[in-house]
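What follows is a short report on a single structure.
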Amino acid sequence: MIKKFFHQFASPKSFFAIANKFGKPVLVFFFLLYFGALVWGLFFTPPDAVQGDSYRIIYMHVPASFMAQILFVVMAITSAVFLIWKLKLAAYVSKSIAPIGAIVTFFALFSGSIWGIPTWGTWWQWDARITSTLILFIMYLGLISLHASFENKDKADKFFSVLVLIGVVNIPVIKKSVDWWSTLHQSASITLTSKPTIDPVMLYPLMFSIVAFIGLIFGLVILSSQNEILKREKYKSWVKNI
Amino acid sequence: MNQDSLINILSMGDHGFYVWLVVIVLFTILGSTIILLNRKIRQAKKEINEEG
């Protein structure tokens, strides 16, 4: 029954129709929302007592670092759905997430490096959090290369999905790296189990920017998925009628 | 708000350069990704229409 539901409502044709209608409005809405969150964080919050104004990079670095990991988890879920139920759309979405994930991870590393210059006095340190995030970036690039190297895209989808499921073990390592090892990178200021260690004046725009950035990046994933569907389904009859 | 306080807010003290650098890179990446994806989708649709 689940299989029937998925095949009926999660076909590339149905997904494309919905994405074509709502993809761009979603992207524009969250882009403006994130822009608003950034203006709030950059210009309407006080400077940090220790870091001064450089802490404002938090409104870009934290949402990007969070999304870099979330995208890999989503990719693992869609890959598992593809391997279990052989749902083509799941493979297309998985493949579409990889370049967006690589871009977001690159930006997380870049913004962290820039933040490190005034804060730590160095732009790079081989500590556990930074190194495991670099590994995540390399994994995204590896997955993109792997998929591109196959002529047979069905085979590529299978190898890609299996590798994503193996690579997802890096996510808890990134998350826990600041607790398991002694790192230059600080531990999390916001957790689900304890009170945030960040002042509400800075916390609210941060939460707002994280939510808006999640929406913005999923908007990009929708756009990327549309592109992948068009590439992969171009000989199907329904595509001729769009 | 006078001009001096506006300049103070925008310059963000000694570390304003780092913050602005990250802002510029972020919006360059986001903007170019959106433009590139839109162009690819438009091109794919055009090719499909021409073949069809």
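The values are calculated or read from the model by the stated rules, or taken from the named source; none is laboratory data. Just so we're clear, the structure is a prediction, and the values are computed from it rather than from any experiment. Here the Cβ is made from the backbone with ideal geometry for all residues, glycine too, and neighbour counts use every protein chain on show.
When only residues in the range B:1-46 that are of a type in the set (D, E, K, R) and over 18 Å from A:Ser224 (Cβ atoms) count, which is farthest from the other protein chains (Cβ to nearest Cβ)?
In the first step, residues of the range B:1-46 are kept if they are of a type in the set (D, E, K, R); the result is B:4, B:14, B:39-40, B:42, B:45-46.
Filter once more, keeping what is over 18 Å from A:Ser224 (Cβ atoms): B:4, B:14, B:46.
Values: B:Asp4: 15, B:Asp14: 7, B:Lys46: 10 Å.
Restricting to residues being of a type in the set (D, E, K, R) and over 18 Å from A:Ser224 (Cβ atoms), the top hit is B:Asp4.
Conditions (1) loosely packed, with under 11 Cβ neighbours inside 10 Å; (2) of a type in the set (Gly, Ala, Ser); (3) more than 30 Å from A:Ile222 (Cα to Cα); (4) at pLDDT 75 or above, marked per residue:
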| site | (1), (2), (3), (4) |
| --- | --- |
| B:Met1 | yes, no, yes, no |
| B:Ser5 | yes, yes, yes, no |
| B:Ile9 | no, no, yes, no |
| B:Trp20 | no, no, no, yes |
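Would you call A:Leu220 within 14 Å of chain B (Cβ to nearest Cβ), surrounded by 13 or more Cβ atoms within 10 Å (Cβ to Cβ) and out of contact with any Leu (no Cβ under 9 Å at 6 or more places or on another chain)? If you could, list the steps in order and put the result at the bottom.
Working: within 14 Å of chain B (Cβ to nearest Cβ): yes; surrounded by 13 or more Cβ atoms within 10 Å (Cβ to Cβ): yes; out of contact with any Leu (no Cβ under 9 Å at 6 or more places or on another chain): no.
So A:Leu220 fails the test.
Got a sec? Which helices (runs of 4 or more DSSP H) wholly within the range A:163-242 have at least 2 residues that are within 17 Å of the chain's Cα centre (by Cα)? Talk me through it step by step, then tell me what you get.
Working: elements: A:170-180, A:200-232, A:237-240.
The helices (runs of 4 or more DSSP H) meeting that bar are A:170-180, A:200-232.
Quick one: which of A:Thr105, A:Thr45 is within 12 Å of chain B (Cβ to nearest Cβ), closer than 24 Å to A:Gly215 by Cβ, among the polar types (S, T, N, Q) and not in a helix (DSSP H, G or I)? Walk me through how you get there before you give the answer.
Details: A:Thr105 fails: not in a helix (DSSP H, G or I).
From the options A:Thr105, A:Thr45, the qualifying one is A:Thr45.
Is at least one residue of the range A:60-72 without any contact (Cβ under 8 Å) to a residue 24 or more places away in the chain, assigned to a helix (DSSP H, G or I) and not basic (Lys, Arg)?
So in the range A:60-72, the residues without any contact (Cβ under 8 Å) to a residue 24 or more places away in the chain come out as none.
No, the conditions are met nowhere in the range A:60-72.
Can you name the number of the only condition in (1) of a type in the set (Asp, Glu); (2) under 30 Å from B:Arg39 (Cα atoms); (3) in a helix (DSSP H, G or I); (4) without any contact (Cβ under 8 Å) to a residue 60 or more places away in the chain that A:Glu151 fails?
Just one mismatch for A:Glu151, condition (3).
If a residue must be under 20 Å from A:Leu83 (Cα atoms), of a type in the set (Val, Ile, Thr) and buried (at least 17 other Cβ atoms within 10 Å of the Cβ), how many such residues does the range A:142-186 contain?
Adding up the residues that qualify gives 2.
So which pairs qualify, if the first residue must be in the range A:194-211 and without any contact (Cβ under 8 Å) to a residue 40 or more places away in the chain and at negative phi, the second must be assigned to a helix (DSSP H, G or I) and not small (Gly, Ala, Ser), the Cβ gap must be under 6 Å, and the two must be at least 6 apart or on different chains?
Filtered contacts from the range A:194-211: A:Pro196/A:Leu203.
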